[in-house]
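Here's the structure, in structure tokens; my notes come after.
The values are calculated or read from the model by the stated rules, or taken from the named source; none is laboratory data. Given the structure is predicted, the values throughout are model-derived calculations rather than measurements. Note: ideal-geometry Cβ built from the backbone for every residue, glycine included; neighbour counts use all protein chains shown.
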Amino acid sequence: MFDSIIRGWRLPIAAIGLTSVLGLGVAGCAEDGPMEQVGEGIDEAVEDTGDAIEDAGEDIEDALDGSG
């Protein structure tokens with residue numbers, strides 16, 4: 001049951017990861033001024049999102065291990 005749920009999350013997580021990588025690449029092009037600040041904000045938001053996704057994945061794994 002949980003296996004099918006995890007399979008269903010693979011594509012969205014991969015899409016978020018790809019978007020994150022592309023977002024970091026675009027944000028890294030900014031050099032100075034207000035655009036650099038925006039880029040840093042995007043970098044932080046992407047990193048926070050990635051951390052939250054990783055934490056959620058670990059929670060799912062823990063729940064699956066506990067249901068054993």
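Report the residue count in the range 31-68 for those that are of a type in the set (A, V, I, L, M) and within 19 Å of residue 17 (Cβ to Cβ).
Number of matching residues: 7.
For the range 23-30, state whether one or more residues are at pLDDT below 75 and within 12 Å of the chain's Cα centre (by Cα).
Scanning the range 23-30, I find at least one residue that is at pLDDT below 75 and within 12 Å of the chain's Cα centre (by Cα), so the answer is yes.
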